[in-house]
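Derivation of every value follows stated rules applied to the coordinates shown; laboratory data play no part. Being a predicted model, the structure only gives us computed values, none of them experimental. Cβ placement follows ideal geometry from the backbone for every residue including glycine, while neighbour counts extend to all protein chains displayed.
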Amino acid sequence: MAVLAWDELYIGGTWVPSTRSGRIEVENPATEEIIGSVPDGTAADMRRAVDAARDAFDTGPWPRMEPAERADLIDALAAALTRRAARLAETITGETGLPITVVKPAHTHAAIATLGYYARLIRVTPFEEERPGARFPFRLRRLPTGVVAAIVPWNIPLLGACAKIGPALAAGCTVVLKPSPETPLSACMLAEAAHEAGLPPGVLNVVPAGREAGAALVAHPGVDKVTFTGSTAAGKRIAVACAERTARCSLELGGNAASIVLDDAPAGRVAAGAVGMGLVNNNGEACVVQGRILVPRTREKEIVEAIRAAAETVPPGDPADPATLLGPMITQAHRDRVLGYVGTGIEEGAVLVHGGRRPAGLERGWYVEPTVLSGVGNDMRVAREEIFGPVLTVIAYDGEEEAVAIANDTEYGLSGSVWSADPERAAAVGTRIRAGSIYVNGAFRLDADAPFGGFKESGIGREGGPEALAEFLEPQSMFLPAEARDR
């Protein structure tokens, strides 16, 4: 792909230079080549962006528009992204290393569809309603929260952005978007689409930047709400910063999900699901990855062998090749971190069943073989911590009660799955797992109408569905005098 470059930041409805000359260079993790660059935004740039968003919210037309008017402009943004869909998919594959066959449906089309969903939703959502009240009638109004800081991770650059700006814009909020410094190219294309769609100045501002500028954005007194997707450690710091000034926050954080394989589950189906969910789903770089596979001790050897055989069928390769299902890790440091976990697991007593190395024949790029570890105890680091790579850990259990206990024995609670020949039996077990999303006999599914988020240290709040729209609205109760109500 051609080298992409933006020389300015998108603030206040126009492209403006950064306050300093630093640049962020974007590396293709499959080739180790520089494929683009953008300005490295500063704390001063963030202040300018917040000021623009603040002015757009306080004095501009956006929060005062009828919902249908906002819906029309959100639809226009979706249309502008649709016209860029092929280029977006190529760019996201280049900056993330995610396979193009995953990027097209899950990162590009799903992102655009999310915007369309919120445009449709606000056409039918009552933003005002009359209630009789327990003692006094009143009018309930749902008002936009205000200026939103949206911070998105590198593993879902466009989908993560649209999952935040979709409901925020639909609610009438204005947004400052900070993409990850690893994946700013698709965010700049999003800014171009917003400009083409005719969003009023300051409604959406895009400032690529690093941690220092991001901290300045979170702490800015002009920001009413922070919506963040990323690590639990970073989310905790953001929560503290927001609490200090009583700003709202939504946090979609880490995960360490378990798949419970019941004693009647077909081994082949389980193996295909485990590999699809834990190894090739987003290169394993996803918070919803179910890397802990809990299997009945009586069937451990059978299921481990089935998973090993399935893992052999997904060798890593060029993410731009439509035949590839598993691409490289995002950076060299992250590749080394994932392989470090594998080494630690073996030191702790796990058995390397498959993979665990850099693939032969791929001399460039930050690749990791699909990896399967068996003989894992739930007290090992590879079971306790979020690896964020293509590594499965198989944990044996004795009895359904122990399986549920192991699944819940984690600080996280984002997702989980249960496998059985009897879906209703699996669903019954699923109700006992403390997690935001449960999949029965299936891998990860994401629906724009379904709330997505976690329990415990997996976060606060939800993305998706009417629940996400509500995250960006403040209820106001208005009590009118009797004579006004009678008119």
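Remarks
- An oblate overall shape is assigned to region 364-451, the ratio a/c of its alpha-carbon gyration tensor axes (a ≥ b ≥ c) being 1.5 or greater and a/b not exceeding b/c.
- Extension gain for GLU424-ALA79 works out to 120.1 nm (0.36 nm per residue, less the C-alpha to C-alpha distance).
- The 3J(HN,Hα) values that the Karplus relation (6.51, -1.76, 1.60; θ = phi - 60°) gives for region 293-301 are, in residue order, 9, 9, 10, x, 4, 5, 10, 4, 4 Hz. Gly and Pro appear as x.
- Taking a straight Cα-Cα cut-off under 29 Å and skipping sequence neighbours fewer than 8 places away in the same chain, the lysines within cross-link reach of LYS236 are LYS164, LYS178, LYS225, LYS456.
- FRET E, pair ARG364, LYS456, Förster distance 41 Å, beta-carbon r, rounded to 0.05: 0.55
- Relative contact order computed over region 258-440 (Cα-Cα under 8 Å; 6+ residues apart), in percent: 28
- Coarse-grained scattering of region 258-440 at q = 0.15, 0.18 Å⁻¹, given as base-10 log I(q)/I(0) from a Debye sum over alpha-carbon atoms: -0.79, -1.14
- Each Cα pair under 8 Å and six or more residues apart adds its sequence gap; the mean of these over the residue count of region 374-487 is a relative contact order of 18 percent.
- Note on PHE127 and THR313: their simple-model spin labels are 5.0 nm apart, each label 7 Å out from Cα toward Cβ.
- Distance from the Cα centroid of region 182-200 to that of region 104-176 is 18 Å (rounded to whole angstrom).
- The chain: angle of helix 232-244 to the longest principal axis, Cα-based, in degrees nearest 10: 30
- Of the GluC sites (Glu not before Pro) found in region 239-332, those that fall in a DSSP loop while having at most 15 other beta-carbon atoms within 10 Å are GLU312.
- Principal-axis tilt of helix 110-124 within the chain, Cα atoms, nearest 10 degrees: 40
- Label point at THR298 placed 7 Å out along Cα→Cβ; residues across region 255-275 whose backbone nitrogen lies under 11 Å: 263-264
- When you restrict to C-alpha pairs under 8 Å that are six or more residues apart and normalise by the size of the chain, the relative contact order lands at 18 percent.
- Which of GLY41, LEU473, VAL261, positive extreme of dipole for the chain (C-beta unit charges): LEU473
- A DSSP coil position with no more than 16 other Cβ atoms inside 10 Å describes the following GluC sites (Glu not before Pro) in region 1-86: GLU8, GLU32, GLU33.
- When each of MET46, MET65, MET329, MET380 is scored by the number of other beta-carbon atoms lying within 10 Å, the sequence from fewest to most is MET65, MET380, MET329, MET46.
- Isolated Cys residues of the chain, judged by Cβ distance under 4.7 Å to other cysteines: CYS162, CYS173, CYS188, CYS287
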